[in-house]
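Engineer: Below is one structure. I have some questions about it.
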Amino acid sequence: MKRIDLNCDMGESFGAYTIGMDDEVIKYITSANVACGFHAGDPLVLDKTVKLAVEHNVAVGAHPGYPDLQGFGRRNMDCTLEEIRKYVVYQIGAIQAFCAIHGTKLRHVKPHGSLYNTAAENEGVARAIAEAIVSVDSELIYVALASAKEKVMSKIARDVGLKVVYEAFPDRAYTPEGTLLSRRLPGAVVRDARDVAERALMMAKEGKVIAVDGTPIDLDIQTLCVHGDTPGAVELVRAIREELEADGMVVKPTGEL
């Protein structure tokens, strides 16, 4: 029976500002990627989000990004590989502490925003993140972008001794090269719940992504992500979960696939 993980980026509120619909989205997902305070989130939000995940039996993952609160981690930063390693270690440590408080274990690490996109294209950055993860806990899972460069990511994982799972985005448009269409371009975010649900089922069941020009792309996919700050995120993730389960898919966290 086909299994898939359904994850969401969460804990991205900050101080008096609320971003996302975490309290509602959490009901439909199996894994939460929790902001660690660099691109979004703060200690109070981090604590609340981990607690929320534990209450709903959702696996907790770290969502480390560049130190870019103002740009929400979506701007590229000229950081050295050593800086990236230490940024990731620091952020993993922050969320591990809150996991300990709430009696759960950190399951995975998924880079955020520009750091994530850079890792998909830059082997050095991808390796630096992998080395940071394994230096803290070799049992953590590295969530990487499903793309044409999966073989490079697989080699890095083998070299450092990490398990990797590959992720696709039902609510994001893809280029013919299998990469995410830039958010600066029209149509980058898919907002119709029915379209998103159908895309999710194709990704999970067939391992295919349809690019903006209609090109079908074969990708290795084990987890699907819906962005918590996408308008209508609750409706999107509910539609995805219902579509997957109606087709007989088993929706489980990455560590149980």
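Engineer: Among the listed residues G73, G61, identify the single one that is within 20 Å of V226 (Cα to Cα), touching a Leu at 6+ places or on another chain (Cβ under 9 Å) and assigned to a strand (DSSP E or B).
Structural biologist: One residue alone meets the criteria, G61.
Engineer: Being farther than 22 Å from T30 by Cβ and in a loop (DSSP other than H, G, I, E, B) is the requirement here; does P170 meet it?
Structural biologist: no
Engineer: Let me ask something additional. Of the residues in segment 178-199, how many are more than 17 Å from Y116 (Cα to Cα) and in a loop (DSSP other than H, G, I, E, B)?
Structural biologist: Residues that pass the stated criteria total 6.
Engineer: I'm trying to understand the selection: among the residues of segment 116-145, which are within 24 Å of V209 (Cα to Cα) and without any contact (Cβ under 8 Å) to a residue 60 or more places away in the chain?
Structural biologist: Passing the criteria: Y116, T118, A119, A120, E121, N122, E123, A126, Y142, A144, L145.
Engineer: Still on this structure: Please specify each residue of segment 236-249 satisfying the condition of being under 20 Å from V25 (Cα atoms) and surrounded by fewer than 19 Cβ atoms within 10 Å (Cβ to Cβ).
Structural biologist: R238, E242, E245, A246
Engineer: Something else now. Can you tell me which residue within segment 33-91, out of those that are over 19 Å from the mean Cα position of the chain (by Cα) and closer than 17 Å to I129 by Cβ, is surrounded by the fewest Cβ atoms within 10 Å (Cβ to Cβ)?
Structural biologist: Among them, the one singled out is D78.
Engineer: Looking at E131, is it in a loop (DSSP other than H, G, I, E, B) and of a type in the set (D, E, K, R)?
Structural biologist: no
Engineer: Residues to consider are D159, D47; find the one that is more than 27 Å from A173 (Cα to Cα), touching a residue at least 40 places away in the same chain (Cβ under 8 Å) and not basic (K, R).
Structural biologist: D47
Engineer: Only one of I210, I221, I133 is surrounded by fewer than 21 Cβ atoms within 10 Å (Cβ to Cβ) and in contact with a Phe, Trp or Tyr (Cβ under 9 Å, 6 or more places away or on another chain). Can you tell me which?
Structural biologist: Going through I210, I221, I133 in turn, just one is surrounded by fewer than 21 Cβ atoms within 10 Å (Cβ to Cβ) and in contact with a Phe, Trp or Tyr (Cβ under 9 Å, 6 or more places away or on another chain): I210.
Engineer: A further question on this structure: Here are some conditions: (1) farther than 19 Å from L81 by Cα; (2) among the small types (G, A, S); (3) modelled with pLDDT of 95 or more. A146 meets all but one. Which one does it not meet?
Structural biologist: Exception for A146: condition (3).
Engineer: If you don't mind, another one. Taking the condition of being assigned to a loop (DSSP other than H, G, I, E, B) and either within 17 Å of the chain's Cα centre (by Cα) or among the aliphatic types (A, V, I, L, M) (or both), how many residues in segment 220-257 meet it?
Structural biologist: Selection size over segment 220-257: 10.
Engineer: Of all residues in segment 102-151 being farther than 19 Å from C36 by Cβ and among the hydroxyl-bearing types (S, T, Y), which is farthest from the chain's Cα centre (by Cα)?
Structural biologist: Checking each candidate, the answer is S138.
The values are calculated or read from the model by the stated rules, or taken from the named source; none is laboratory data. Remember, predicted model here, so these are calculated numbers, not experimental data. Cβ coordinates were reconstructed from backbone atoms using ideal geometry, including for glycine residues, and neighbour counts include every protein chain displayed.
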